[in-house]
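First the structure, in the form of structure tokens, and then the observations on it.
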Amino acid sequence: MKNTTLYLPGFHLPTLRRKPRSGAQKLADERRRIRRHTISQLGECFGSFIPTQELGNESQGDFSRRRIFSKENTFWGFFTQVLDADGGCQEVVRKVQAFAASRSMPMPSASTSAYCQARNKLNEGGLKRILKHTSEQLQQRGRHGRWKDRRVVVVDGTGVSMPDTPDNQEEWPQPGSQKPGCGFPQARICACFCLQTGALLSYRVGSYRNGELTLLRQQWDEFKPGDIMMGDKGFCSYYDVWKFQEKGVDTVMTLARRTPVEAGEATKVLGPDDLLITWPKPAWNKNLRYSHEEWRSLPEQLNLRQIKVTITAPGMRSDCFYLVTTLTDASRYAASELADLYFQRWDVELFFRDIKTTLGMEVLRCRSPAMVKKEILMHFIAYNAIRLLIVEAAAEAGHVARRLSFKGSVQALRQWEPQFSNESDPRAQRRLMDGLRSSIAGHLVPHRPGRREPRCVKRRPKPFALLTAPRYQMIEIPHRSRYRANVA
């Protein structure tokens with residue numbers, strides 16, 4: 001470097017004043033500069049769990065220019081919108097205004113228009129890649145807890161509703177029994193979860209006319225050889241059991257649409273209420289969901305195992321049920337172990353409760369089909385991200401992940417998020433992360449075997465009349481003790 005000083009030519013004054021900065025120090029400075037322009041520090045909580053390459057600005061087109069609602073800010077704004085108790089777009093805008101005020105930046109408008117437009121530009125394919133990445137990362141961290149060293153994929157379906165707009169009605173029409181203007185579009189979701197970690201692996205969305213079995217068949221590629229598919233009686237199908245066997249996937253499900261086989265008709269008796277049986281191929285009829293050529297390719301019979309499970313816990317709806325499975329090796333898979341495994345299937349109901357009730361996905365807010373699909377995706381991404389924190393906290397504390405409260409984890413994350421925004425020192429952030437995981441691990445769900453919780457409510461709703469006609473046709477008649485409404 002050329003010396004420009006007039007005197008003492010052997011000395012370079014800028015070099016004497018400070019040491020040259022290393023590449024790592026320059027990178028750390030750049031990271032701190034970027035963090036000052038990010039409205040959410042949740043990325044510090046999840047690290048590489050959310051792929052940063054999917055959140056960078058594009059070279060051209062949407063999100064190519066640096067704005068307050070960049071791709072990264074819009075994603076994390078949408079993410080926090082799922083986590084917040086309010087869940088409205090205005091909540092995100094207020095957060096952006098507070099962020100701008102703390103950084104002495106120009107105050108953005110209070111209108112939600114800019115945020116909604118930026119959210120609409122988020123690519124659905126990119127969100128799907130983020131969801132896939134989260135499920136893969138979560139399974140890798142929970143690999144050690146698999147059942148007999150095999151991944152158990154539990155399948156179930158649920159329903160959600162959304163605003164009554166013409167576009168939503170066209171995509172997911174309401175049931176025909178409801179009058180126009182009195183109902184809401186109804187979508188059906190069939191999802192596959194990893195039983196050990198609770199990770200959402202894949203899903204499909206259809207209308208109420210789509211059966212859960214039909215939506216499951218669209219997710220066959222998610223299953224890998226060696227997996228165990230577990231479902232309720234809605235997935236008990238000769239065709240699907242055979243298709244899973246072709247893929248090297250075993251099935252465990254409750255018997256439906258067939259009469260249980262008696263011991264005298266069984267191929268072999270493995271133990272009390274434990275039989276090896278054969279299923280003959282069903283007769284062809286036009287109501288089957290697959291073609292005649294596929295029916296002809298099916299084998300003439302399937303060799304299965306039937307286990308009668310007797311329920312001794314009081315308050316259950318059934319006294320017994322029948323399990324049908326392709327796990328025919330009684331020495332490796334005892335009947336009692338399979339019965340206990342199927343009782344864990346109830347966890348999938350809790351997974352959906354975490355998503356729909358705790359994260360608020362039961363009633364969606366978006367008014368167009370494209371945004372409804374992104375809203376569902378973002379709920380699933382947030383769910384997987386929280387499951388990651390639960391798995392990490394359980395591993396550090398030596399607990400089973402299913403014993404940690406999901407709602408308690410959401411509450412802890414809501415309170416820890418502002419603290420990450422105030423700390424820029426990496427060591428302080430690591431201390432905060434340790435405290436967050438410790439807080440999550442400290443909220444254990446009590447183990448209550450055989451507990452019965454009826455689906456009943458004690459608090460009565462307000463005595464408002466039901467909407468039995470379009471709103472503009474209803475005339476409300478107020479009364480001191482009750483409300484009546486008649487059609488005009």
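The values are calculated or read from the model by the stated rules, or taken from the named source; none is laboratory data. Values in this document were obtained by computation on a predicted structure and should not be read as measured data. With ideal geometry, Cβ positions are generated from the backbone for all residues, glycine too; neighbour counts draw on all protein chains shown.
Descriptive notes on the structure:
- Residue in the stretch 300-314 that is modelled with pLDDT under 95, on the phi < 0 side of the Ramachandran plot and under 30 Å from the mean Cα position of the chain (by Cα) present: no
- Scope the stretch 266-287; condition assigned to a loop (DSSP other than H, G, I, E, B) and under 16 Å from Ser237 (Cβ atoms); matching residues: Lys281, Pro282, Ala283, Trp284, Asn285, Asn287
- The single condition among (1) under 22 Å from Ile355 (Cα atoms); (2) touching a Phe, Trp or Tyr at 6+ places or on another chain (Cβ under 9 Å) that Pro173 does not meet is (1).
- Looking only at residues in the stretch 345-370 that are in contact with a helix residue (DSSP H, G or I) (Cβ under 7 Å, 6 or more places away or on another chain) and under 15 Å from Ser409 (Cα atoms), the one that is surrounded by the fewest Cβ atoms within 10 Å (Cβ to Cβ) is Thr358.
- The requirement of being in the same structural domain as Ser70 (by TED's automatic domain parsing), within 24 Å of the chain's Cα centre (by Cα) and hydrophobic (A, V, I, L, M, F, W, C) is satisfied by Val92.
- Residues (in contact with a Ser or Thr (Cβ under 9 Å, 6 or more places away or on another chain) and modelled with pLDDT under 80) located in the stretch 404-424: Phe420, Ser421
- Qualifying positions in the stretch 143-152 - outside any loop (DSSP other than H, G, I, E, B) and more than 17 Å from the chain's Cα centre (by Cα): Arg143, His144, Gly145, Trp147, Arg150
- Residue match in the stretch 269-283 (condition: at pLDDT 95 or above, in contact with an Asp or Glu (Cβ under 6 Å, 6 or more places away or on another chain) and surrounded by 15 or more Cβ atoms within 10 Å (Cβ to Cβ)): no
- Enumeration of residues in the stretch 220-236 that are free of Cβ contacts under 8 Å to residues at least 40 places away in the same chain and touching a strand residue (DSSP E or B) at 6+ places or on another chain (Cβ under 9 Å): Asp221, Lys233
- For the criterion of being closer than 25 Å to Cys190 by Cα, part of a helix (DSSP H, G or I), charged (D, E, K, R) and out of contact with any Leu (no Cβ under 8 Å at 6 or more places or on another chain), Arg353 passes.
- On inspection, Asp149 qualifies as under 30 Å from Thr251 (Cβ atoms) and among the charged types (D, E, K, R).
- Annotation note: Cβ proximity below 9 Å between a residue of the stretch 457-482 that is closer than 25 Å to Pro180 by Cα and assigned to a loop (DSSP other than H, G, I, E, B) and a residue that is polar (S, T, N, Q) and at pLDDT below 75 (sequence gap 6+ or interchain) occurs for Pro463/Ser481; Ala465/Asn486.
- Boolean, Ile386 is of a type in the set (Val, Ile, Thr) and either closer than 30 Å to Glu246 by Cβ or touching a residue at least 40 places away in the same chain (Cβ under 8 Å) (or both): no
- Scanning the stretch 377-389 turns up no residue that is in a helix (DSSP H, G or I), modelled with pLDDT of 95 or more and more than 11 Å from the chain's Cα centre (by Cα).
- Residue count, the stretch 402-445 (criterion: β-branched (Val, Ile, Thr) and crowded, with 17+ Cβ neighbours inside 10 Å): 2
- Val155 meets all of the listed conditions (1) in a helix (DSSP H, G or I); (2) at pLDDT 90 or above but one, namely (1).
- When restricted to residues that are basic (Lys, Arg), in contact with a strand residue (DSSP E or B) (Cβ under 9 Å, 6 or more places away or on another chain) and over 23 Å from Phe46 (Cα atoms), the stretch 340-384 contains 2.
- When we screen Ile68, Ile39, Ile50 for residues that are among the β-branched types (Val, Ile, Thr), under 26 Å from the mean Cα position of the chain (by Cα), modelled with pLDDT of 65 or more and within 28 Å of Gln429 (Cα to Cα), the only hit is Ile50.
- Of the listed requirements (1) within 22 Å of Arg150 (Cβ to Cβ); (2) under 19 Å from the mean Cα position of the chain (by Cα), Gly206 misses just one: (1).
- The set of residues in the stretch 295-313 being surrounded by 15 or more Cβ atoms within 10 Å (Cβ to Cβ) and not in a strand (DSSP E or B) consists of Trp295, Leu298, Ile311.
- Criterion (among the basic types (Lys, Arg), more than 30 Å from the chain's Cα centre (by Cα) and at pLDDT below 80) met by exactly one of Arg471, Arg427, Arg455, Arg448: Arg471
A quick yes/no check of all residues on (1) surrounded by 15 or more Cβ atoms within 10 Å (Cβ to Cβ); (2) not in a helix (DSSP H, G or I):
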| residue | (1), (2) |
| --- | --- |
| Cys182 | yes, yes |
| Cys190 | yes, yes |
| Gly206 | yes, yes |
| Leu216 | yes, no |
| Lys224 | no, yes |
| Met230 | yes, yes |
| Tyr239 | yes, no |
| Lys243 | yes, no |
| Thr251 | yes, yes |
